[in-house]
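Coordinate-derived values only; no laboratory data. Computed from a predicted model, the values in this text were never measured in an experiment. Because the Cβ atoms are built from the backbone with ideal geometry, glycine has one as well, and the counts that use them run over all protein chains shown.
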Amino acid sequence: MGRTGILLETDNGEIKESNYGMITAARGAGDTEMYGFLIGGEAASCKEAVQKYGICRVVEITSDAGDLATRPEKQTDALIAAMKNYDIRFLVGLSSSRGRDLMARVAAKLDAPLAVDCIDLNLEDQIVTKSHFSGKTLARLKLCGDMLICGVRPNAVEPQEAPCEADAEVFAAQVKDDGRMVVTEAKGSAAGQVELTEANIIITGGRPIGSAENFSLLNECANLLGAAVGASRAAVDAGYAPHSMQVGQTGKTVSPKLYIACGLSGSVQHFAGMKTAKIIVAINTDKHAPIFGKSDYGILGDLFEIVPALTEALKDQTSQ
Amino acid sequence: MHIYILLKSILVTALLIAGFGIFTIRVRRLFRIMKSVKGQADSKVDRPAERIKVLLTDVLGQSNVRRKRMPGLAHTLIFFGFLAVQPHSVELMINGVCPAFHVANIVPGFYGVYLFVADILAFPVLVGLGYAIYRRVIVQPAYLTDGLDARLIILFTSVIIITFYFINAFLTIPSIGGGFDYARYFTISNLVKNIFNLGSLSPAGSRAGYEIAYWLHLLTILGFLVYIPGSKHLHLLAAVPNVFLKPLDRPKAMIKTDIEDEDAETFGLGNVADLNWKNVLDLYACTECGRCEEQCPADMTGKPLSPKRLVHDLKLDLFDQSAKLLKGEFASVEPLLRDGSPLSDDVLWSCTTCRACEEICPVNIQHLDIVLEARKHQVLMESNFPPEMQETFNNLENQSNPWGFSSDTRGDWCKGLDVPLITDHPDADILYYVGCAGSFDDRGIRISRAIVNVLKKADVDFAVLGPEERCNGDMARRAGNEYLAQMMIQEKVEILNQYKPQKILTGCPHCFNTFKNEYSEFGAGYDVVHHSEFLLELTKQKRLKHKESKFEKLTFHDSCYLGRWNGLIEAPRELLRLSGLSRNLIELNRTKTKGLCCGAGGGRMFMEENIGKRINIERAEEIVAAKVPTIAAACPYCTIMLRDGIADLNGTNVVYDIAEIIDMVTV
């Protein structure tokens, strides 16, 4: 049936959790040989993590034309070179912002069909499943072509292990720099910060937080929890937090496992952005605040007392 | 002398032909531009009697202009005086060509009376123009366009009036005026003659003076004539037809686009070729008085939108591209939103559709027809809209509410209230249509529950759609997503037609407006009433029992879609007065037809407001400064916006919906 290339994504050199479900989807019945491609990250150190899910060879793609990290067009050429080198027929990656970018470029260059945001794959029959209208309907698409490129929605497929022994190797791609793109500056997001839309835990501050400085209270707690910090529209409007932190109708839509709302009234505009959170904990001094009607746990109290107490408790726990 | 008269006759003839010729060519071009645009206008000349009445009141009565007192008065003075001197000027023109011609020889009595009137009416023009100069030089309101154009027009008009007086002053001298006793009919001209002692001039001197005044007068008029079609003074020509063609009814629907039309190459207003002739007439009619800008909530809070500039910029764009339009080269007409154009995304999306501009416009320009059609084009053709609207559009499409709550929970708000569903009670007198905010927003739910309480107190036979209810499509439509809106409307129409309600009661002015003014076009024209009207009716029928109220001072905040869009200005106030609150009711400065928008209309509720000051803060500041403890609103979106604005200012004023207030003051 042909080999499958898995476009692996890493975070600080480590394989992201969301890869495993994607690998599981690509593996299907298991009669395909899976090669893991790494652009950024070391094959040797990542091998352990992915061989558990059935990847038999981990290929670290490097380039003689300098750093690939900030150059999507070079990454594209390098990836295509690797695919040709290893005779890859299917390329599967995550429908993340990076995956969507890179896979679309590859598909265009190879003139291959591309399906992103899939929630299930059947590579043998070349059929992918996508969800439409917020999950009301499912579409099964048959893709025609010798090569297929598929993006899998993060966390859509439950990871299943299928251990094997993987080799690790480095593939140095010949990439030409056509000079059409010049990187003048690369800015990373602040180290240690978790992206709101990908976070499992979010702690959000409302207007009662009172100032931008007071957000450090939430930041401290969030660091211990491994959480991202969000803000309500009122807090953003008051200038306490940037718009990139805004959760709600006109900000980010999030769906964490745990959402801690500190000093939020729970307006419908805010709730619209986090209604899919699994567990909502509300901290508010007003017992009539609508947020209590929507939360799983409510703490009636001042966030300036509760949050530091929570931080202390977490510190105690980690030090033990 | 004979040679001079002959030469004058030839020269005047030539100048008249040239002046009127150029004027005609320029006006014809304007007319051709108006006919060249592709858009379909639904303006029609119906109800002629009413339209003639409009001409009598709005144009001759100047009632519309005088809504702004001092400038309106100045305009009235200029208007009548300028009109009054015109026949005299025409006579002078004819007389220049044919020196033997004098109206005095034909109808001396009538002519004398006319001169008497014109002589008096002309003077106030100078007073009016003096005021116009005073405003431009001393007062300088920001909304008023000043510049060479405005000053030239004032200069032209002043010269015409001043030379009018000098000509007439000379005419009172028998050697100039001939056999007709001009002095008998003139008042001010006689005064001019005496002040300047013109009577003491030699016959040759007075003749020379007369001729100089004559030529100045004639040349200025002809210059003015040639100048008008290219200036903002085009309103002299376009305002009257525009006022005559104005929509006679206040409520209006958005233009229904035929989205099923398979031959349509484009939807909405993408470039000036997509305008319709009435839009173009609107652009011509604008005189840049700036009243719209003064009222516009976007402009006053520092957004790049000003209705006046929008009209002006669009007019310039139309003229810039008129050569292509006249040649029919529509494909090469540049898009409205393009690099370097003052018309930008932010201009279009800053509009709250509050309609304050249309309301105040003295020449009835329909600004929103332009804004809403331009948005439609951006959304349907360019997929260009504020990114945060994407989620709202998705939610509306999938769950039929802007927040994306599961539509099967739409009826949950009335849990425990024992509200009948229309499926169980199809013969109900009233179908209470709750709306999205009333169904999902906590604040809105409290309002809906208050409405239900009051309905029950008055023993009204009503039912709700519950989980069957859908969004009416207003937000999507005003945000330019006509396709989505029509899809939603279709769905809603089918549901309504299934039950054929006798009367629909809405708790939200947006639902009210859409059902009342837009649904009949989609096959569901039902009797619709907003709760302010309905509760008033119940109060008048004495179906509500009032009790002692705890309210101190309170004020009513007008919802745009209730007041300006549908003229429901007195109903909510009367409701409050009849509910024992007549002594408590005070008015804010910006109220009734000049009420300030809360900032949420036109889909703005679901967009970020990053430019300038927030509109709800602007309104909240007024409320906090007025020290009025209670604000009555009649729209759930106003309630939310005002509450948030007041909270931002740490104000203690409380916003209630009128239904909540009525619920509190009744038993």
Inverse mean reciprocal Cα-Cα distance (Kirkwood Rh) of region B:396-493, Å:
13.9 Å
Expressed to one decimal in nm², the mean projection of the alpha carbon convex hull of region B:556-619 is 5.0 nm²
Kirkwood Rh, Cα atoms: Rg over Rh of region B:47-114:
1.16
After finding the eigenvalues of the alpha carbon gyration tensor for chain A, what semi-axes result from the square roots of 5 times each, listed largest first in whole Å?
41, 22, 19
For region A:103-108, in residue order, the Karplus 3J(HN,Hα) values (coefficients 6.51, -1.76, 1.60; θ = phi - 60°; whole Hz; Gly and Pro = x) are 5, 5, 5, 5, 4, 5
State whether region B:431-488 is rounded, prolate or oblate according to the following rule on the C-alpha gyration tensor (a ≥ b ≥ c being the square roots of its eigenvalues): a/c under 1.5 gives rounded; otherwise a/b larger than b/c gives prolate, and the remaining case gives oblate.
prolate
Counting other C-beta atoms within 10 Å, which of A:His243, B:His88, B:His377 has the fewest, and how do the rest follow?
A:His243, B:His88, B:His377
Quick one: which residues, 5 or more positions from A:Gly298 or on another chain, have an amide H under 5 Å from its amide H? H modelled 1.01 Å from N in the peptide plane, none for Pro or chain starts.
A:Ala282
Can you give the direction-averaged projected area of the convex hull of the alpha-carbon atoms in region B:459-560, in nm²?
8.5 nm²
Please list, in chain and number order, the residues 5+ apart from B:Cys289 or on another chain whose amide H is under 5 Å from its amide H, with Hs placed from the backbone.
none
Over chain A: helical MRE at 222 nm, DSSP H runs n ≥ 4 each giving -39500 (n - 2.57), nearest 500:
-8500 deg cm²/dmol
With the convex hull built on the alpha-carbon atoms of region A:1-133, volume per residue in Å³ sits at 111 Å³
Does region B:1-102 come out rounded, prolate or oblate, given a ≥ b ≥ c as the square roots of the eigenvalues of its C-alpha gyration tensor, rounded meaning a/c under 1.5 and, failing that, prolate meaning a/b above b/c?
oblate
Under a 5 Å amide H to amide H cut-off, with H placed in plane at 1.01 Å, what residues pair with B:Leu585 once short-range neighbours are removed?
B:Leu554
Taking 51 Å as R0, compute the FRET efficiency from the Cβ-Cβ separation of A:Leu224 and A:Val170 and round it to 0.05.
0.85
List the trypsin sites (Lys or Arg not before Pro) within region B:315-370 that DSSP assigns to loop and that have no more than 16 neighbouring Cβ atoms inside 10 Å.
B:Arg338
Please compare each pair in B:Lys303/B:Lys627; B:Lys376/B:Lys540; B:Lys53/B:Lys592 to a cut-off of 31 Å on the Cα-Cα distance and tell me which ones are over it.
B:Lys376/B:Lys540
Most mobile listed residue (A:Lys294, A:Lys187, A:Lys257) in chain A, GNM with C-alpha springs under 10 Å:
A:Lys187
Based on alpha-carbon positions alone, could you give the equivalent ellipsoid semi-axes of region B:352-456 from the gyration tensor, as √(5λ), descending, whole Å?
34, 21, 13
Before rounding to the nearest 500, sum -39500 (n - 2.57) across all DSSP H runs of length at least 4 in chain B and divide by the residue total; then give [θ] at 222 nm in deg cm²/dmol.
-16000 deg cm²/dmol
Check the straight Cα-Cα distances from A:Lys52 and name the lysines below 20 Å, setting aside those fewer than 8 residues away within the same chain.
A:Lys16
All aspartates and glutamates inside 12 Å of B:Lys246 as judged from Cα atoms, apart from same-chain residues fewer than 8 positions distant:
B:Asp42, B:Asp46, B:Glu50, B:Asp58, B:Asp282, B:Glu358, B:Glu359
Test of understanding: extend the Cα→C-beta vector of A:Cys56 to 7 Å, then name every residue of region A:156-172 with backbone N under 12 Å from that spot.
A:164-167
Starting from 0 in steps of 5 Å, tell me what percent of the Cα-Cα pairs of region B:17-172 lands in each bin.
2, 7, 11, 14, 15, 17, 16, 11, 5, 2, 0, 0
Rg followed by Dmax, in Å, when region B:607-651 is reduced to its Cα trace
10.5, 30
Paired Rg and Dmax values of chain B, which use every Cα atom, in angstrom
30.1, 102
Given the C-alpha centroids of region B:422-472 and region B:595-667, what is the distance between them in whole angstrom?
23 Å
Please compute the contact order of region B:578-667 in relative form: average sequence separation of alpha-carbon pairs under 8 Å and at least six residues apart, divided by the residue count, as a percent.
29 percent
Filtered hits (aspartates and glutamates, Cα-Cα < 18 Å from A:Lys252, offset >= 8 within chain) -> A:Glu195, A:Glu198, A:Asp237, B:Glu388, B:Glu391, B:Glu608, B:Glu609
When DSSP assigns beta bridges and you keep just the ones with both residues in region A:1-149, what percent turn out antiparallel, to the nearest 5?
45 percent
Over 11 Å, how big is the tail of the calculated P(r) for region B:151-193, in percent of all Cα pairs?
63 percent
Global geometry of region B:100-223, whether rounded, prolate or oblate, following the gyration tensor of its Cα atoms and the 1.5 cut on a/c:
prolate
Let me check against my output: what whole-number percent is the relative contact order of chain B, with C-alpha pairs under 8 Å and at least 6 apart?
12 percent
Going by how many other beta carbons lie within 10 Å of each one, how would you line up B:Lys232, A:Lys278, fewest first?
A:Lys278, B:Lys232
Residue of A:Val236, A:Val58, A:Val157 that the Gaussian network model of chain A assigns the largest fluctuation, springs spanning Cα pairs under 10 Å:
A:Val236
Only Cα pairs under 8 Å and at least 6 apart count here; give the relative contact order of region B:345-428 as a rounded whole percent.
15 percent
Angle check, please: helix B:108-134 long axis (alpha carbons) against the longest principal axis of chain B (alpha carbons), in degrees 0 to 90, nearest 10.
60 degrees
Inter-part gap, Cα centre of region B:380-416 to Cα centre of region A:106-178, in whole angstrom, is 30 Å
Quick one: which of A:Lys278/B:Lys503; B:Lys256/B:Lys542; A:Lys47/A:Lys176; A:Lys278/B:Lys492; A:Lys294/B:Lys545 span more than 31 angstrom between C-alpha atoms?
A:Lys278/B:Lys503; B:Lys256/B:Lys542; A:Lys278/B:Lys492; A:Lys294/B:Lys545
Within 10 Å of each Cβ in A:250-256, how many Cβ atoms from other chains are there, averaged over the peptide?
3
What is the Rg over Rh value, at two decimals, for the protein assembly as shown, using alpha-carbon atoms and the Kirkwood definition of Rh?
1.08
One quarter of the convex hull surface, Cα atoms only: what value does that give for region A:208-320 in nm²?
6.5 nm²
With N denoting the number of residues in region B:207-262, provide Rg(C-alpha) divided by 2.2 N^0.38 Å, to two decimal places.
2.16
Hull volume per residue for region A:169-240, using the convex hull of the C-alpha atoms, in Å³ is 173 Å³
May I ask for the equivalent-ellipsoid semi-axes of region B:246-315, computed as the square root of five times each C-alpha gyration tensor eigenvalue and listed largest first in whole Å?
26, 15, 14
For region B:281-314 versus region B:537-555, the gap between their alpha-carbon centres in whole angstrom:
41 Å
